[in-house]
Amino acid sequence: MKNKSKEVAFAGISVALALILAYAETLLPPLFVAVPGIKMGLPNIVIIFLLYRRGPAFAGAVSFIRIFLVALLFGNAASLIYSICGGIFSFVAMLLLRKMNLFSTVGVSVAGGVMHNVGQILAAAVLLNTEQLGYYLAVLAVSGTVAGVFIGLCGTFLVKRVPEKV
Amino acid sequence: MTEKHRFRNDMILIAVLLLVAFSSIVCYNCFRSTGNTVTVRVDGTDYGVYPLSVNATKDIYSGENGCNLNRLVIRDGKAYIETATCPDGICVAHKPIFRDGESIICLPNRVVVTISTADHTDTPDVIM
Ligand SMILES: [Zn+2]
């Protein structure tokens, strides 16, 4: 893609898609009865796809624009702080694993899912002034792993099937 | 690095993560003595301290205008959240806590309920 305005338009569509997925996620019934409310992190499908197709800068830009817009539309100041911390941890982890080239899309996505939760827990540890989030983190590590596998499989499918020229 | 190697690495990563998570949950549950005090904190500041030995139901209000609610129930030496207005419901799903250091955390409402062991459990002037 050489055309600058085409690039911007594609970024816009990506952000829109991520927002739709973020909204769709809030409509889904809880997936795990034992731990309700665990989010799948569906917007991460878009980020993974972009990370593989467009590289870190493009994926990162879309990811953070999405985080701000989601907070603006559905969240508040506290949820923005959680999301930013989660987003940074998740993105850096996925970027590193992608660069290492040791894992498939699934491994990259799992690391992203778990580190997203780690980032959020660390933010909570600071905001809530408590260190006792270990148990919560362990539970979220399990859910992050499961969700990461699903997201990674979706990402693999997209990276393989969506034509190169898109 | 072939497809097969990547798949194997994925599996190792997933196995390690799940192993660490599950073993920390198990360890957490095994090596704790029973506490005697329930401390509630909202937004990082103390909200109330209750003895674990006295059955009680406490409504914890948080957020702007106190519009968020977590109903804390202390019964038979255990504490749990009965109902809550938070969107994720993780705090309600959390099993009852009673061991020293255990806590239930409601991230959306920014409420932390912690079990501790205080020296003076018989002080009558705890906030009830
Ligand atoms: Zn809650």
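Quick one: order B:11, A:115 from most to least accessible surface, probe 1.4 Å.
Descending order: B:11, A:115.
Enter the accessible area of residue B:27 (Å², nearest 10), with the probe set to 1.4 Å and all protein chains included.
Probe radius 1.4 Å; accessible area of residue B:27 about 70 Å².
At 1.4 Å probe size, with every protein chain present, just tell me what the per residue accessible area of the stretch A:4-161 comes to in Å².
Result: 46 Å² per residue.
Give the accessible area for residue A:51 in Å² (nearest 10); use a 1.4 Å probe, count only protein heavy atoms, and leave out ligands, DNA and RNA.
10 Å²
Toward the positive end of the charge dipole of the protein assembly as shown, about the Cα centre and with charges on Cβ (Lys, Arg +1; Asp, Glu -1), which of B:97, A:125, A:154 goes farthest?
A:154
Note down the Stokes-Einstein diffusion coefficient of the protein assembly as shown in µm²/s, whole number, using a Kirkwood radius over alpha carbon pairs, 4 °C, and 1.567 mPa s.
Value of D from the Cα-based Kirkwood radius: 63 µm²/s.
Would you tell me the accessible area of residue A:160, worked out with a 1.4 angstrom probe on the heavy atoms of the protein chains, in Å² to the nearest 10?
The value for residue A:160 is about 140 Å².
Give the calculated FRET efficiency between residue B:22 and residue A:8 to the nearest 0.05, with a Förster radius of 35 Å applied to their Cβ-Cβ distance.
0.20
Hey, in the protein assembly as shown, which Cys have no second cysteine's beta-carbon closer than 4.7 Å?
A:85, A:154, B:27, B:30, B:67, B:86
For the protein assembly as shown, which whole-number percentage of the solvent-accessible area (1.4 Å probe, protein heavy atoms only) is attributable to carbon and sulfur atoms?
Carbon with sulfur: 66 percent of the solvent-accessible area.
Quick check for me: using +1 on Lys/Arg Cβ and -1 on Asp/Glu Cβ, what's the dipole size of chain A about its Cα centre, in debye to the nearest 20?
It comes to approximately 740 debye.
Give the Cα extents of chain B along the principal axes, in whole Å, largest first.
Taking max minus min along each principal axis of the Cα atoms, chain B gives 67, 36, 23 Å.
Chains B and A: what accessible area do they bury, summed, in square angstrom to the nearest 100, with a 1.4 Å probe?
2800 Å²
How big is the dipole moment of the stretch B:26-128 about its Cα centre under a simple scheme where the beta carbon of each Lys and Arg is +1, that of each Asp and Glu is -1, and everything else is neutral? Debye, nearest 20, please.
320 debye
Using a 1.4 Å probe, what is the accessible area per residue for the stretch B:5-128, in Å²?
53 Å²
Report which residues of the stretch B:1-25 become buried by 30 Å² or more of accessible surface when going from the isolated chain to the complete set of protein chains (1.4 Å probe; DNA, RNA and ligands ignored).
Relative to the lone chain, where solvent access is computed with a 1.4 Å probe, the stretch B:1-25 loses at least 30 Å² at B:1, B:6, B:9, B:10, B:13, B:14, B:17, B:18, B:21, B:25.
Hey, what number do you get for chain A at 222 nm if only DSSP H runs of n ≥ 4 count, each worth -39500 (n - 2.57), divided across all residues, to the nearest 500?
After summing the helix terms and dividing by residue count, I get -27000 deg cm²/dmol.
In degrees from 0 to 90, rounded to the nearest 10, what is the angle of the helix B:3-30 Cα long axis to the longest principal axis of chain B?
20 degrees
Starting from the Cα gyration tensor of the stretch A:95-166, take the square roots of the eigenvalues, sort them a ≥ b ≥ c, and report rounded, prolate or oblate (rounded when a/c is under 1.5, otherwise prolate if a/b is larger than b/c, else oblate).
Cα axes put the stretch A:95-166 in the prolate bin.
Give the Cα extents of the stretch A:4-161 along the principal axes, in whole Å, largest first.
47, 34, 29
Please give the helix A:134-161 orientation as an angle from the longest Cα principal axis of chain A, in degrees from 0 to 90, rounded to the nearest 10.
Compared with the principal axis, the helix lies near 10 degrees.
The values are calculated or read from the model by the stated rules, or taken from the named source; none is laboratory data. Keep in mind it's a predicted model, so treat the numbers as computed, not measured. Using ideal geometry, Cβ is built from the backbone for each residue, glycine included, and neighbour counts are taken over all protein chains shown. Keep in mind that these areas ignore ligands, DNA and RNA; they rest on the heavy atoms of the full protein, side chains included. Shrake-Rupley method; radii C 1.70, N 1.55, O 1.52, S 1.80 Å.
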